[in-house]
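J.: Before I ask anything, here is the structure I am working with.
Computed from the coordinates by the stated procedures, all read-outs in this text should not be read as laboratory data. Remember, it's a predicted structure, so these values are computed and weren't measured experimentally. Cβ coordinates were reconstructed from backbone atoms using ideal geometry, including for glycine residues, and neighbour counts include every protein chain displayed.
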Amino acid sequence: MEFKFTIRIFKYVLALTMAIAVISCADPAVPKPKAMLRLEYPEAVYEKTNLPCPFRFEKNIAAEISGQRQCSFVMEYPQMNANIFFTYKPVNGDLDMLLRDAQKLTYEHVVKADNITEQPFVNPQNKVYGMFYNLQGNAASQAQFYLTDSLNHFVTGSLYFKAKPNYDSVLPAAQYLEKDMRKVMETFGWK
């Protein structure tokens, strides 16, 4: 009986030794180098808009304007699955309220945003004044702005992707679209 027990243990030890030998003969694990997803977007080409609104600007030809109603509309980027929502409101002595609403809309994202950077915009030649907000982190919107002439007109713009917010995934597209938003602001003028 002792002899059978020894042979059984010997078989288990031999099987275990063989398994370890087979597993250990594989190539050693090497960590993969860090890499960034390389997304290339077409060079931006801009055209002047001709909307029946009290303002004009240049937009990327890759964007399509849709849903225009009372000078509020959506600038769609189908290739990037993104939209920039524009809202126009006349200033009827309530500029302070419009400014607070625009700032409130931006700062509602503070729950998910890691950082919100404010960049004032002033173009006294065209009487365009405003603020550009860059939101970093998993916020629903990655960039927003408002523009006004301080007397008659007020416009807001907000960038949203048609996907669950994942900052690392949308960052290249967000940076591309932020440049478009800045171009809108730089070329913005009142009619």
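J.: Tell me the label only: which of [x] 57; [y] 46; [z] 61 is percent of Cα pairs over 22 Å apart as calculated from this structure?
T.: Among [x] 57; [y] 46; [z] 61, the one derived from this structure is [x].
J.: Among Ala173, Ala19, Ala44, determine the one that fluctuates most according to a GNM of the chain built with springs between C-alpha atoms less than 10 Å apart.
T.: With Cα springs under 10 Å in the chain, the top fluctuation among Ala173, Ala19, Ala44 is at Ala19.
J.: Between their Cα atoms, which of Lys112/Lys162; Lys162/Lys191; Lys59/Lys112; Lys59/Lys127; Lys48/Lys89; Lys104/Lys179 are more than 25 Å away from each other? The partial results should precede the final answer.
T.: Details: Lys112/Lys162 17 Å; Lys162/Lys191 32 Å; Lys59/Lys112 29 Å; Lys59/Lys127 20 Å; Lys48/Lys89 21 Å; Lys104/Lys179 23 Å.
Violating the 25 Å limit, Cα to Cα: Lys162/Lys191; Lys59/Lys112.
J.: Between the stretch 89-134 and the stretch 69-88, how many Å separate their Cα centres?
T.: 18 Å
J.: Hey, what angle do you get for helix 2-24 against the long axis of the chain, alpha-carbon based, 0 to 90 degrees rounded to 10?
T.: 30 degrees
J.: Lys and Arg at +1, Asp and Glu at -1: add these up for the other residues within a Cβ distance under 13 Å of Gln103 and post the number.
T.: Numbers: positive: Arg100, Lys104; negative: Asp96, Asp101, Glu108, Glu118.
For residues surrounding Gln103, the net value is -2.
J.: State to the nearest 20 debye the size of the charge dipole of the stretch 46-190 about its Cα centre, where the only charges are +1 on K and R beta carbons and -1 on D and E beta carbons.
T.: It works out to roughly 180 debye.
J.: While we're here: In a shell of Cβ-Cβ distance under 13 Å around Cys71, excluding Cys71 itself, what net charge do Lys and Arg (+1) and Asp and Glu (-1) give?
T.: On the way: positive: Arg56, Arg69, Lys89, Lys191; negative: none.
Value of the local net charge: +4.
J.: In the neighborhood of Ser150, defined by Cβ-to-Cβ distances under 13 Å, what is the net charge if each Lys or Arg adds +1 and each Asp or Glu adds -1?
T.: Its environment carries a net charge of -2.
J.: Considering the dipole of the chain built from charges on the beta carbon (Lys and Arg +1, Asp and Glu -1) around the Cα centre, which of Phe85, Asn134, Met18 is farthest to its positive end?
T.: Met18
J.: Counting each DSSP H run of 4 or more residues in the chain as -39500 (n - 2.57), what helix-only mean residue ellipticity at 222 nm follows after dividing by all residues, to the nearest 500 deg cm²/dmol?
T.: Values: 3 runs with 57 residues, N = 191.
Mean residue ellipticity, 222 nm, calculated: -10000 deg cm²/dmol.
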